[in-house]
Amino acid sequence: MVSTFKVNERIRTTLNTLMKKSGVLFILIAISTINYVGYAQTNNDRSSTNYFLLSFDQHTHPNKAKLYKYQNRGFLHIQDVVNAMRKEMIKPERSPEWGSARGTKKKYRNGLDLSKPIAAKAGETFCFAVKTDALPSIYLSGYVTQNTPNFRTKDKQRELLIITLPQDTNNHFFDDRGVATIRVYGYYKNEKKVFGTLIISRVSQHRYQELMAATK
């Protein structure tokens, strides 16, 4: 009887130990699963890229506004370029850091040709240059933040905005269609005059790839 009791006691002790270990193991597996799901979601959020089309509205004359794309050459930081542009040491049409478009005769010209929309990815940087009258004040509306660098040339004849396309497209800047605008305007004798409007439209990756293929 004593030996049988001892055997049963050992069995109960062993089972209790295994249950405790199984519980700890289950908790560890659950924690690992939660961490993995969180990590995967974070990675998916980081890997997802937004795609855009950049275009002028129908009232913006291409001679009055141009768009330049920043080419990161690895030795100049974008902020260095912005500071140099503020001091008018660099201008988009003269600087190799800013991309140009190929014309119909295969000659490069300043600025991108926005007769057709320009395909762009989130994180890419552009300069929106708008010719303006020499008014004391110029106003900006639309997709512009306090961190958007903008400045006028010394002769007050041109407004320059450095735009970095966002990773996220929330309704703070974009409407329900995924569209945002930047408008440069001023007042002359109390009459509002719009000098240029840039439209930023969110598109699918497939549409982006279609436009990129068409421009090659």
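Annotations
- Look at (1) closer than 21 Å to N50 by Cα; (2) free of Cβ contacts under 8 Å to residues at least 60 places away in the same chain and you find that P136 fails only one, number (1).
- Hey, Q209 closer than 20 Å to S55 by Cα, open to solvent by 40 Å² or more (accessible area, probe 1.4 Å) and either out of contact with any helix residue (DSSP H, G or I) (no Cβ under 6 Å at 6 or more places or on another chain) or assigned to a loop (DSSP other than H, G, I, E, B) (or both) or not: yes
- Residue within region 174-186 that is open to solvent by 70 Å² or more (accessible area, probe 1.4 Å), farther than 21 Å from T132 by Cα, without any contact (Cβ under 8 Å) to a residue 40 or more places away in the chain and not aromatic (F, W, Y) present: yes
- Residue count for region 53-82, restricted to those that are in contact with a helix residue (DSSP H, G or I) (Cβ under 9 Å, 6 or more places away or on another chain) and closer than 16 Å to S100 by Cβ: 2
- Of the residues making up region 59-78, those that are more than 15 Å from F126 (Cα to Cα), open to solvent by 70 Å² or more (accessible area, probe 1.4 Å) and modelled with pLDDT of 90 or more are H59, K64.
- Residue check for I138: at pLDDT 90 or above and over 20 Å from E97 (Cα atoms): yes
- Failed item in (1) open to solvent by 30 Å² or more (accessible area, probe 1.4 Å); (2) closer than 14 Å to V130 by Cα; (3) touching a residue at least 60 places away in the same chain (Cβ under 8 Å), with G196 passing the rest: (1)
- Looking only at region 182-198, and only at residues there that are among the hydroxyl-bearing types (S, T, Y) and modelled with pLDDT of 95 or more, the one that is farthest from K156 (Cα to Cα): T197
The values are calculated or read from the model by the stated rules, or taken from the named source; none is laboratory data. All values reported here derive from a predicted model rather than from experimental measurement. Counting neighbours? That spans all protein chains shown, and the Cβs are built from the backbone with ideal geometry, glycine included. Each accessible area value is taken on the protein alone, full model and side chains, heavy atoms only, with ligands, DNA and RNA left out. Shrake-Rupley method; radii C 1.70, N 1.55, O 1.52, S 1.80 Å.
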